[in-house]
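One structure below.
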Amino acid sequence: MSRKIVIFGATSAMAMESAKIWATRKSELCLIARSKEKLEVLKKDLITRGALKVSILTSDLSEIQKHQEILSKVYTDLPELDTVLIAYGTLSDQKKCQKSSEETLSELTINFLSVISLVTNLANHFEKRGQGDIAVITSVAGDRGRQSNYVYGTAKGGLSIFLQGLRNRFGKTKINIIDIRPGFTDTPMTADIQKGPLFVSAAVVGKGIVEAIDKKKEIVYLPWFWRFIMLIIRSIPESIFKKMSL
Amino acid sequence: MTLESWGRYPKSTSTDIVHFSWPFSELPKDRKSFISHGQGRSYGDACLNNSGTVLSTKLLNRLISFNSETGLLRCEAGISLSDILKFSVPLGWFLPVTPGTKFVSIGGAIANDIHGKNHHVSGNFGHHVEQFELLRSDGQRLICSPKKNSEYFYATIGGLGLTGLIIWADVRLKKISGPFIKMDSIKFSSLKEFFEISRASDKDSEYTVAWLDCVASGDQFGRGIFMKGDHSDRKGRDKDAYKSGFLTVPFDFPNWALNSTSVKAFNTLYYNKQQTKSVTKTVHYDPFFYPLDSVSNWNRIYGKDGFLQFQCIVPKVDGEEAINLILKEIVSAQSASFLAVLKEFGDKESLGLMSFPREGITLCLDFAFRGEETLKLFRKLHDIVFDNGGAIYPAKDACMTENEFRSCFPKLQEFTKYVDPKFCSDLWRRVTDK
């Protein structure tokens, strides 16, 4: 189905793969990211694939004070906006965060606060229009705090709770809130991690995102097997879990 | 970090992987040597660079433009043939040349100047590339075509990724009516019969290839099934014939799973499944071109030690006898797997200085890696190939010697002039004194 979509963090590997699928379905897309150069490259791909319209906006989304301005541009570009994908974020350096509260707060600003700011505004916009799909890429890391990346996990886990609340608020309406939780994905973000058998390509996750939105899912693990891995991780008693090296 | 090629032999020990994901990206300044790594479908060590840097082009995978009148596609070099087909088949366009898997990148298709079942009609992939951009380690970006920077154009086609990094390419696609192939399967009971069918079929069929039983001996020696096909006029919506990931090999098979008894049983079943001499049917292009792509990670059936693929070409003169000798050697070793193909290449001259395809007969099959025993067999096979003036395909190779490599590529010395000083692969180190 053809959609009118805004993608925040459009040049992230997963979002690009979703955008390609939407483009072949003759969608209209508004792409937001920091680099104009990258956005121009992506735009050409999407137009070639059949996107009816592609507009691009450059912005550093960690600058929350500029959100209002960006959002009004989005609403002007796509007056019939029906789908939102939030795909930006940083894989925090846990060691640095542990040493500095400043670093921690800056990571939380990008991965948590700035997303809350956008989603709050977008949700109210959809509430007025009576419908819309909001998908946010969180992470399996948000399912339980672990010593190796709990700052990133906190941001993503916090987002999941926020989305849960929002979903409950709109539970009786045509507004769908989709929490996308990818596992290990082979992207530039994970370039320095040795790839094991659980790693999947950005294309697999990108396709999963499109399907999750089509099916109006609530919480989606990508690929599906992470639901079971995380079920096990979450069920380990805290007294044992705290001693594990995870 | 370690990285594997498709054959999982030789193993990589430590590699620094850098994602090269945007056409305007620069090569990192602080690294010693580079090789590009697209889908990692080279079997041996052509796509590995131990102790150096591997440039992953997995995300350099976008389309740039497409002319639906002429079929000229411009795309980034990391895009896979599979992604191109998904885009182009619904619009009525197909790859001009395709190998037996669609999971290779455009960059890899150019760097290995790949061939397919239509070699006798359409030549290699390189014959259908109009131009490309080549990034050199000194930062130069060369647009290469037969008219512009032509020396780099001919050195990069088949150049094993050593002349620099291909950023994007213009490829001419081929018009089709729909996603179907009309195919005939014809059983043959000897090599002699194969050559008769092959010579007759190459005149009237666009695609030809044969599956060969490489364990059958005695009366059954040289038996197989010849397949020929042409694009069908039948229209139809393109749908993936296979649900991707539907069949998958989730773990390494134990070493004993593939042995001469299990392969013999499989081959006998496969040969006898077709009861009549010849069968005609219309099939989707996926099972015709890419039967193995339906099983993800099929390389795991060979166990954790991996496998070697042997692909040679021998000239047509005395070629039948050479293939006969090679097959005898293979059959008596009783260690081949069920995946073996035989095809005659046409006389279209390859463009690249280092292209593998040339007029002759090509045989290609897998051997599970069993250490010295396998290497010894390969030495015997190589001897027959080189005694007959043949060549080995570097994209599949993991054990050619320096001398053998030199005799495969008469233009090697000229090629060396265009190799980028900072590009190197494990294969290149192995077959040169670099």
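The number of residues in the range B:17-30 being crowded, with 17+ Cβ neighbours inside 10 Å and either more than 29 Å from A:Val41 (Cα to Cα) or not small (Gly, Ala, Ser) (or both) comes to 7. Where helices (runs of 4 or more DSSP H) fall wholly inside the range B:250-355, the ranges with 3 or more residues that are in contact (Cβ under 8 Å) with a residue 12 or more places away in the chain and hydroxyl-bearing (Ser, Thr, Tyr) are B:260-273. Just one of the listed residues (B:Ser350, B:Ser355, B:Ser332) is under 21 Å from B:Asn388 (Cα atoms) and over 19 Å from the mean Cα position of the chain (by Cα), and it is B:Ser332.
When the range B:406-419 is limited to residues that are in contact with a strand residue (DSSP E or B) (Cβ under 8 Å, 6 or more places away or on another chain) and of a type outside the set (Ser, Thr, Tyr), the one that is surrounded by the fewest Cβ atoms within 10 Å (Cβ to Cβ) turns out to be B:Phe409. Within the bounds of the range B:78-95, is there any residue that is touching a strand residue (DSSP E or B) at 6+ places or on another chain (Cβ under 7 Å), surrounded by 24 or more Cβ atoms within 10 Å (Cβ to Cβ) and facing chain A (nearest Cβ under 10 Å)? Scanning the range B:78-95 turns up at least one residue that is touching a strand residue (DSSP E or B) at 6+ places or on another chain (Cβ under 7 Å), surrounded by 24 or more Cβ atoms within 10 Å (Cβ to Cβ) and facing chain A (nearest Cβ under 10 Å). Here is the figure for the range B:53-69: residues that are facing another protein chain (nearest Cβ under 10 Å) and touching a Lys or Arg at 6+ places or on another chain (Cβ under 6 Å) total 2.
For B:Cys47, the criteria (1) in contact (Cβ under 8 Å) with a residue 60 or more places away in the chain; (2) under 23 Å from B:Ile79 (Cβ atoms); (3) surrounded by fewer than 19 Cβ atoms within 10 Å (Cβ to Cβ) hold in every case but one, which is (3). None of B:Phe221, B:Phe226 is modelled with pLDDT of 90 or more, buried (at least 19 other Cβ atoms within 10 Å of the Cβ) and not basic (Lys, Arg) except B:Phe226.
Hey, can you tell me all the residues within the range A:94-112 that are crowded, with 16+ Cβ neighbours inside 10 Å and among the hydrophobic types (A, V, I, L, M, F, W, C)? Matches in the range A:94-112: A:Cys97, A:Leu108, A:Ile110, A:Phe112.
Being under 28 Å from B:Asn118 (Cβ atoms) and either without any contact (Cβ under 8 Å) to a residue 60 or more places away in the chain or under 20 Å from the mean Cα position of the chain (by Cα) (or both) is a property that holds for B:Arg62. Apart from one condition, B:Asp45 fits all of (1) within 30 Å of B:Thr374 (Cα to Cα); (2) over 16 Å from the mean Cα position of the chain (by Cα); the exception is (2). What residue, among those in the range A:132-188 that are small (Gly, Ala, Ser) and closer than 18 Å to A:Met14 by Cβ, is surrounded by the most Cβ atoms within 10 Å (Cβ to Cβ)? Of everything passing the filter in the range A:132-188, A:Ala155 is surrounded by the most Cβ atoms within 10 Å (Cβ to Cβ). If you go through the range A:140-150 one residue at a time, do you hit one that is closer than 30 Å to A:Met1 by Cβ and of a type in the set (Ser, Thr, Tyr)? No, that holds for no residue. Say whether the condition of being farther than 22 Å from B:Ala77 by Cβ, of a type outside the set (A, V, I, L, M, F, W, C), more than 9 Å from every other protein chain (Cβ to nearest Cβ) and in a strand (DSSP E or B) is met by at least one residue in the range A:25-47. Checked the range A:25-47: at least one residue is farther than 22 Å from B:Ala77 by Cβ, of a type outside the set (A, V, I, L, M, F, W, C), more than 9 Å from every other protein chain (Cβ to nearest Cβ) and in a strand (DSSP E or B). B:Asn67 satisfies every condition listed in (1) surrounded by fewer than 21 Cβ atoms within 10 Å (Cβ to Cβ); (2) in contact (Cβ under 8 Å) with a residue 12 or more places away in the chain; (3) not acidic (Asp, Glu) except (2). Going by the conditions given, is A:Lys4 under 24 Å from A:Ala202 (Cα atoms), surrounded by fewer than 23 Cβ atoms within 10 Å (Cβ to Cβ), within 14 Å of chain B (Cβ to nearest Cβ) and of a type in the set (D, E, K, R)? Against the criterion (under 24 Å from A:Ala202 (Cα atoms), surrounded by fewer than 23 Cβ atoms within 10 Å (Cβ to Cβ), within 14 Å of chain B (Cβ to nearest Cβ) and of a type in the set (D, E, K, R)), A:Lys4 does not qualify.
Listed conditions (1) in contact with a helix residue (DSSP H, G or I) (Cβ under 6 Å, 6 or more places away or on another chain); (2) within 13 Å of chain B (Cβ to nearest Cβ); (3) not in a helix (DSSP H, G or I) are all met by A:Ser55, apart from (2). Per the conditions (1) farther than 17 Å from B:Asp293 by Cα; (2) buried (at least 21 other Cβ atoms within 10 Å of the Cβ), the sole criterion not satisfied by B:Gly52 is (2). Mind listing just one residue for me: the one in the range A:180-209 that is within 24 Å of A:Leu163 (Cα to Cα) and charged (D, E, K, R) and, of those, nearest to the other protein chains (Cβ to nearest Cβ)? Going through the qualifying residues, I end up with A:Lys207.
Being more than 30 Å from A:Gly196 (Cβ to Cβ), modelled with pLDDT of 95 or more and either among the aromatic types (Phe, Trp, Tyr) or part of a strand (DSSP E or B) (or both) holds for only one residue in B:Lys192, B:Lys187, and it is B:Lys187.
The values are calculated or read from the model by the stated rules, or taken from the named source; none is laboratory data. Here the structure is a predicted model, which is why all the values come from computation and not from measurement. As a convention, Cβ positions derive from the backbone with ideal geometry for all residues, glycine included, and neighbour counts pool all protein chains shown.
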